[in-house]
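A.B. asks: So that we are looking at the same thing, I have put the structure below in structure tokens.
Just so it is clear, none of the values below were taken in a lab; they were calculated from the coordinates. Everything quoted here is computed from the prediction, not taken from an experiment. Neighbour counts run over all protein chains shown; Cβ positions are idealised from the backbone, glycine included.
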Amino acid sequence: MSERPPSPPFGGPHGRGPHPGGLHPGGPKNFGKSYQNKDPIITYCVEHSLKQTPAEKELQESTLAKERMAGALGAPEVLQLGKNFIELIGAKRALDIGTFTGASALAWAVALPEDGQVHTFDVDHTPLENTGLPVFNKYPEYKKKIVFNLGSAMDKLDELIANGEEGKFDFSFIDANKDTYPEYYEKSMKLLRKGGVILIDNSLMFGSVLNPIQPGHKAIDACNKKIFADQANANILLTLGDGTHVVFKR
């Protein structure tokens, strides 16, 4: 997850930084990313559902150890949910909006079949180059399925649409610039086939959606409302990780 200039540690105006303990001060304590929130119920759920390959474990551990913005790492339980959907719907083509170190792209590559492909997008490949690629290079069977796109995700998605790719993707994961979540959702809906699945990470953003003040938090709230009002989908907003909005395209 990046697709924007870095924010200050511990939560900038767009919510990129992790808060101490993974929780927004004064915010809800009953959800959060499992590597930040050690609530025993969250731990129990993860222990009875998370199935990571050695590659995924290594990249997660390396990201948490090396990256200053490690809190941008997608929760492994959210990635597990995405992998399950990829297998369930027989997905072959996935969009990954927000690369960071590549953990989410790796998860989709693990779940996709041998001929599957992930298109991942970010404006900054520094975390990928410093932390992600040293791991990816050990696992060419996954790396070969991933197309790493450097540049604006918005522009790259528009290029795919202009090139006739509407309706040709099966799965989309959104974990990037919070200010443009509604636009990422709209473009993902165009690119997905009927029956495709979108997962939108940080959809509760430390509980800030209850009283959104900062621009990124307002955009997340607007995206949640847009999804709920959209008759072209079926949806469910979950308290998984930092909030996961699951969208099924009708």
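A.B. asks: Which of rounded, prolate, oblate describes the chain, given a ≥ b ≥ c as roots of the alpha-carbon gyration tensor eigenvalues and a/c under 1.5 marking rounded, otherwise prolate only if a/b is larger than b/c?
C.D. replies: Verdict is rounded for the chain.
A.B. asks: If the chain between Glu114 and Thr53 were fully stretched, how many nm would it gain, using 0.36 nm times the residue separation less the Cα-Cα distance?
C.D. replies: Computed gain between Glu114 and Thr53 is 20.4 nm.
A.B. asks: Sort Val110, Val46 so the one with the fewest other Cβ atoms within 10 Å of its own Cβ comes first.
C.D. replies: In order of increasing Cβ crowding within 10 Å: Val46, Val110.
A.B. asks: Could you tell me which of rounded, prolate or oblate describes region 81-125, using a ≥ b ≥ c as the square roots of the eigenvalues of the alpha-carbon gyration tensor, with rounded for a/c under 1.5 and, failing that, prolate when a/b is larger than b/c and oblate otherwise?
C.D. replies: Prolate shape, in that a/c is at least 1.5 and a/b is the bigger ratio.
A.B. asks: Under the rule of -39500 (n - 2.57) per DSSP H run of 4 or more residues, summed and divided by the residues of the chain, what mean residue ellipticity at 222 nm is obtained, to the nearest 500 deg cm²/dmol?
C.D. replies: Only helices count here, giving -10000 deg cm²/dmol.
A.B. asks: Could I ask something else about it? With +1 on each Lys and Arg Cβ and -1 on each Asp and Glu Cβ, how big is the dipole of the chain about its Cα centre, in debye rounded to the nearest 20?
C.D. replies: I would put it at about 320 debye.
A.B. asks: Find how much the distance from Thr239 to Lys138 grows on full extension, using 0.36 nm per residue of separation minus their present alpha carbon separation; answer in nm with one decimal.
C.D. replies: Extending this stretch completely gives an extra 33.0 nm.
A.B. asks: If you build a Gaussian network model of the chain, linking Cα atoms that sit under 10 Å apart, which residue out of Lys33, Lys194, Lys66 swings the most?
C.D. replies: Comparing Lys33, Lys194, Lys66 in the GNM, the peak value goes to Lys66.
A.B. asks: Something else: Using 0.36 nm per residue of separation minus the Cα-Cα distance, give me the extension gain between Glu87 and Ala162 in nm, one decimal.
C.D. replies: So the chain would gain 24.2 nm between Glu87 and Ala162.
A.B. asks: If you don't mind, another one. Over the chain, with a Gaussian network built from C-alpha contacts below 10 Å, which listed residue (Thr101, Thr126, Thr239) shows the highest mean-square fluctuation?
C.D. replies: Among Thr101, Thr126, Thr239, the largest mean-square fluctuation in the Gaussian network model of the chain belongs to Thr126.
A.B. asks: Also: Need one number: % antiparallel among DSSP beta bridges in region 133-250, to the nearest 5.
C.D. replies: Taking every DSSP beta bridge within region 133-250, about 65 percent pair in antiparallel fashion.
A.B. asks: Right, here's the next one. Roughly what % of DSSP beta bridges within the chain run antiparallel, to the nearest 5?
C.D. replies: The answer is about 35 percent antiparallel.
A.B. asks: Among Val147, Val78, Val118, which one moves the most in a GNM of the chain with springs linking Cα atoms closer than 10 Å?
C.D. replies: The residue that fluctuates most here is Val147.
A.B. asks: If a/c stays under 1.5 just call it rounded; otherwise compare a/b with b/c (prolate if a/b is bigger, oblate if not). Do that for region 105-152, with a ≥ b ≥ c from the square roots of the Cα gyration tensor eigenvalues.
C.D. replies: It comes out oblate by the Cα gyration axes.
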